[in-house]
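Enquirer: Got a structure for you, questions after.
Laboratory data are not the source of any read-out in this text; all were calculated from the coordinates shown. As the structure is a prediction and not an experimental result, all values here were calculated from the model. Counting neighbours? That spans all protein chains shown, and the Cβs are built from the backbone with ideal geometry, glycine included.
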């Protein structure tokens, strides 16, 4: 018994797109079919405009997602260090270095990492890369309430700089640095 050939993934996608267009864009054909002479031309123009809009929106989303948000630019020397755990002091130094180069998003992210490592090094909260900034905020509030306002300020700047879709400024960096320098002694001298 020979089974009939199964459609490829590309054929399945094409069939789904045809069905979707017929279901959701069929109104265009009905709308423009009543216009003599120019109905078909208008239908094609509208479909092209919709298609171009979808391509532009997709490209913008792709570019936004592809934007490098790592705290440190990778260099050939860093490849050897990828498995190494950086200390809070190292992250703080990276923050200062990134800020001196005008890379404020990277500097703020490095300060946030320094704070997370500091919490781990002090035995307050174990580092877990899977936790969100919000989860860390709640944990800090429970474990070290007096440090929570400074940590909240730093976490807020980190979220803004990393996910806000805006360029961080020198003022954003200064606020993050202030939050970190307020936070650090509260963790280490508890």
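Enquirer: Going by average Cβ neighbours within 10 Å, how do the peptides 101-107, 51-57 rank, with the highest at the top?
Expert: 101-107, 51-57
Enquirer: Among 131-138, 89-96, how do they line up by average Cβ neighbours within 10 Å per residue, starting with the highest?
Expert: The packing order, highest mean first, is 89-96, 131-138.
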